[in-house]
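The values are calculated or read from the model by the stated rules, or taken from the named source; none is laboratory data. The structure displayed is predicted, hence computed values, not measured ones. Neighbour counts run over all protein chains shown; Cβ positions are idealised from the backbone, glycine included. Accessible surface is based on the protein model in full, side chains and every heavy atom, while ligands, DNA and RNA are left aside. Shrake-Rupley method; radii C 1.70, N 1.55, O 1.52, S 1.80 Å.
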Amino acid sequence: MTDIQIEEKNGILGLANRFNQISINLTTGTWSGRDLTTDTLVFKDAQFRVDKYGQPTWAAPETDITWTRETSTSVFGPGETAILTFIPRAGYEPTRILTIRLYEDHAFIEIGWGITNPFDYPVRIKDVEVLYGGELFAGQTVDQPRVLRSGAGAEPNQVEKGWEIEAHNGALLTYENRGARRSLFAGGLAYKEFARRVELLNGEKVWRHPGRSILKREGFRNMSIACWDPQGKMIPPKTTYMSPDTVYLDVVTADPFASAEAYGEALRKANNAHPKTYDFPTLCGWMVSTKHLGEGKPINNSPGLVEQTRIAKERGFMKYSPLAVRLEPDTYCQGYYGNTQQGWWDNEHWGMYGPGGGGAPDPDAASLQKPYETFAKFCRAVSDLGGIPFTYFQSSMPSNDFAVAHPDWMLNNDISQLHLHHAHHRPLVRYDYTETGFRDHCLNVWKRLRRAGLKGIKFDYPETAWASHGGFEDTSFTTTSAYCEMYRLCREGLGEEGYIHERNLGGATHEAAPRLDATAGIVDLQRVWGDASHFEPEMASRMGLRWYKSRTVFIYYPDGKSFHSDGKALPTYKRRAFLTLIAFLSGRLEIGTSIGSMTDEMFHDTTRLYPMLGGTTSPRPVDMLLDKAHPEVYVYTVTNDWCQVLLVNNNKRGSKVISAPISGDQAATGSLGLDAGASYHVFDFWNQAYVGLFKGTGSVSMKLRAGEVAMLSVRQVMDHPQAVSTNRHIMQGMMECHDITWNPQEKALTGAVDVIGGEEFILTIAGNGLTPKHCDNAVIQKRVGEKGLIDLMFSNPENTSQSFELRF
């Protein structure tokens, strides 16, 4: 047994651990939740409803409620589940099952559900509100409320004033109750067949017609959490279905940053998510080839990208990281009577059609060209040069001749609308990812490409694979699970080492397909913006305000970026700004400037990002609750006494002083969260300048030009010499310095640094009152105008880890 109590008393079923108390009325079926750590009633009298958004014309049947208890261990450890069964006495409603699970060592509540179909006909379930209309804020004050949606894909997500929100995936609510901070996070946990919806509303939401809703009972402040799918789950007659999809609810964790981060860790664990670090830049052949985003240089073909890889090697880029090159065979339907490479996905068709608008088959303009006329030859040539080969698929935009050859592989087995003219990204005939033959075909394609050496894939226009109207051969699939099947087949075929990229832009242009977390544990990368080679503040927000899922569950990135604008090189500070923001917040850089067109300075600045920051932690947007349009201060905690701080001026015009308190309540002040009783060295990476010595009660400030950033290393002053920065990497010692240790007996600072062959490595040291005498394997150089600081200069003709001993 666990330390979790479950007992029935006077018609009330109670569940409790040291964090939560859940009370379920076994007569009405409503349930409430209390935070035991503060003895706060968080929500009360929530209902459990299934498919209640039809037009009500008959009374709900009377229901008998029974319950059982289950003790078990999941990926989160030991826990107890109360399983409640709602059995209608009459009518057409199926039997509903609600599961509420508490854990010994976690503050969140896990909510699940199931359906028993007692009828002789199938039942299709579309909308399951595991918690509906739970009244919020009873007995509380609600001061300074803020909400943040758990965005996915290209969905905007900014901190919003107030407490009301309607969100896919999940939402964070934080506010003050009589001066005490409270937070709530609700969202999807385990994903398989349904999407999630979270609503915090002033009024009761009622659907009258599809796509239109109204509120009634204004003043009724309530929360609802649902699992939903446009097609729904088909449950056969006389069958019980227990959904693998669960919901997360944390009403206990008060700090909003900790609340969101706890959710991200749980989402990662529930879906076995482990997005791979993109420890290399990706050169987009398509972007470079365009004039409006790139250079108009025709490199989006196998010889062109092999040549770019060769140039990168000759310029020494491979000393820092590999280079990924992405070949994009993106012929569209408006060309050769609707015929493209799509669906065939073989060397013959990739060697027949060129990228772009299509046209008659032309091997001289095709994606695969001699001497790399097969994917195997292309991948081998790139890999032999130290590169990484990627490519591109259109998710559900079949070539007309492929659809004619395989009509049974299309939704509804129907190709009758092939003749209709349509926008290239809105085909009327689409693949059926539930059809056995097509799934086998896809898996064979991925296995073949894996054998050829392909390492990564971008799924373009994934909205076309969101089959909201169904038409599946296998009716056990939901819209959500059929959508995920496209990626799952790719994952199975490419293997765990493959890099999978979901470009879900959604919105009206792409049929308003929802942007979801449903691919957690399958997909590595989601794109947060449409085609854009520039950088703007909201791009950073769409990544940075998902910090709790970034690197933990997904990698997010804002499309490829060019080092030029209107044919002119960007100013150095603007180039360094987007490089720093993307590397720090995202962890994945895609470039739209060819390697051969990069100046030495562009080349140098790009190499400062590698090795790319990986792991499962991303910087906090610590000032997100201070009513700024976009965060200006991001903090990454390296150790308890060292953090990396990014300051950014989001103004499009005009300089501005960006400031952050070093200590204090992070949610209230946007502080770095450091010790008020200590002092700190602050060093500016890009300017390679010592900013100064700051007390913990003070603030760090920088005057920045419009769009400029400062990457600062903030380290607590020690009672002995210490490292304060390097010239090698924006993380200023985290990635490229190892085992730096002070030996008080020897009065020596020792360690090792990763030196790039042919490049001078500088390690900046603060003596903290001691004077350096000698250093093995490095030259000591005093810093002009910066008393007490020295530079250790390392060099080697080859890449090496170089140890040192600096004596004082």
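Remarks
- With only the Cα atoms considered, segment 227-281 has a convex hull volume of 180 Å³ per residue.
- Unit charges on C-beta of K, R, D, E only; dipole of the chain, Debye: 1280
- Links that overshoot a 28 Å alpha carbon limit, given the list K458/K561; K319/K787; K192/K455; K458/K656; K161/K205; K205/K628: K319/K787; K458/K656; K205/K628
- Counting charges near P322 (Lys, Arg +1; Asp, Glu -1) among other residues having Cβ under 10 Å from its Cβ returns a value of +1.
- Charge tally around T240: other residues with Cβ under 14 Å, Lys/Arg +1 each, Asp/Glu -1 each, net +3.
- Evaluated over the Cα positions of segment 679-784, the convex hull gives a direction-averaged projected area, one quarter of its surface, of 8.1 nm².
- Rel. contact order, % - alpha carbon contacts under 8 angstrom, at least six apart, segment 742-799: 43
- Highest average packing first - 513-526, 324-337, Cβ atoms within 10 Å: 513-526, 324-337
- Rough spin-label spacing in nm, given labels placed 7 Å along Cα→Cβ, for A508 and L428: 2.3
- Reciprocal of mean inverse Cα separation for the chain (Kirkwood radius, Å): 28.7
- Cα-Cα P(r), segment 518-610, percent of pairs per 5 Å interval: 3, 13, 25, 24, 17, 10, 5, 2, 0
- Computed from backbone phi, the HN-Hα couplings of segment 300-315 come to 7, 8, 4, x, x, 7, 5, 5, 4, 5, 5, 4, 4, 5, 5, 7 Hz, rounded to whole numbers (Karplus: 6.51 cos²θ - 1.76 cosθ + 1.60, θ = phi - 60°; Gly and Pro given as x).
- For the set E295, E496, E193, the ranking by accessible area, highest first and with no ligand, DNA or RNA atoms included, is E496, E295, E193 under a 1.4 Å probe.
- Highest mean packing comes first when the peptides 239-251, 598-610 are listed by Cβ atoms within 10 Å, giving 239-251, 598-610.
- Each residue of segment 374-381 is assigned a 3J(HN,Hα), and the resulting list reads 10, 5, 4, 5, 4, 4, 5, 5 Hz, derived from the Karplus form 6.51 cos²θ - 1.76 cosθ + 1.60 (θ = phi - 60°), x at Gly and Pro.
- For the pair Q802 and S476 in one chain, pulling the backbone fully straight at 0.36 nm per residue adds 111.5 nm over the alpha carbon distance.
- Gained length - A706 relative to H720, 0.36 nm times residue gap less alpha-carbon distance: 1.2 nm
- If you take the alpha carbon atoms of segment 389-441 and fit the smallest convex hull around them, that volume is 95 Å³ per residue.
- Neighbourhood charge, 10 Å Cβ-Cβ cut-off, centred on T340 and excluding it, Lys, Arg +1 and Asp, Glu -1: -2
- Over every Cα atom in segment 84-227, the radius of gyration and the widest Cα-Cα span, Dmax, amount to 17.1, 57 Å.
- Inter-label distance, nm, simple model (7 Å from Cα along the C-beta direction), K568/K652: 1.7
- Among the protein heavy atoms of segment 662-764, carbon and sulfur supply 47% of the accessible surface, probe 1.4 Å, non-protein parts ignored.
- For segment 264-394, the antiparallel share of DSSP beta bridges with both residues in that region comes to about 20%.
- Packing here is the average count of other Cβ atoms within 10 Å per residue, and on that basis the peptides 534-547, 422-435, 788-801, highest first, run 534-547, 422-435, 788-801.
- Cβ-derived FRET efficiency at R0 45 Å, Q688 paired with R380, nearest 0.05: 0.65
- Scalar couplings 3J(HN,Hα) for segment 220-233, obtained by applying the Karplus form with A = 6.51, B = -1.76, C = 1.60 to θ = phi - 60°, are 8, 8, 8, 10, 9, 9, 9, 9, 9, 7, x, 8, x, 9 Hz; x denotes Gly and Pro.
- Debye-sum result for segment 19-135 in log10 I(q)/I(0), which assumes one identical scatterer on each alpha carbon, at q = 0.12, 0.14, 0.15, 0.23 Å⁻¹: -0.48, -0.65, -0.73, -1.44
- The calculated FRET efficiency for the pair V142 and K216, based on their C-beta separation and a Förster distance of 30 Å, comes to about 0.90.
- Shape category assigned to segment 433-535 from the gyration tensor of Cα positions, a/c cut at 1.5: oblate
- Per residue accessible area in Å² of the chain, where ligands, DNA and RNA are left out and the probe is 1.4 Å: 38
- A crude spin-label estimate for the pair A180 and T639, with each label 7 Å from Cα along the Cβ direction, gives 3.6 nm.
- Backbone N under 12 Å from the S659 label point (7 Å along Cα→Cβ), restricted to segment 705-739: none
- Take every Cα pair under 8 Å whose residues are at least 6 apart in sequence, average their separation, divide by the length of the chain, and the relative contact order is 9 percent.
- Per residue, the Cα convex hull of segment 307-462 amounts to 109 Å³.
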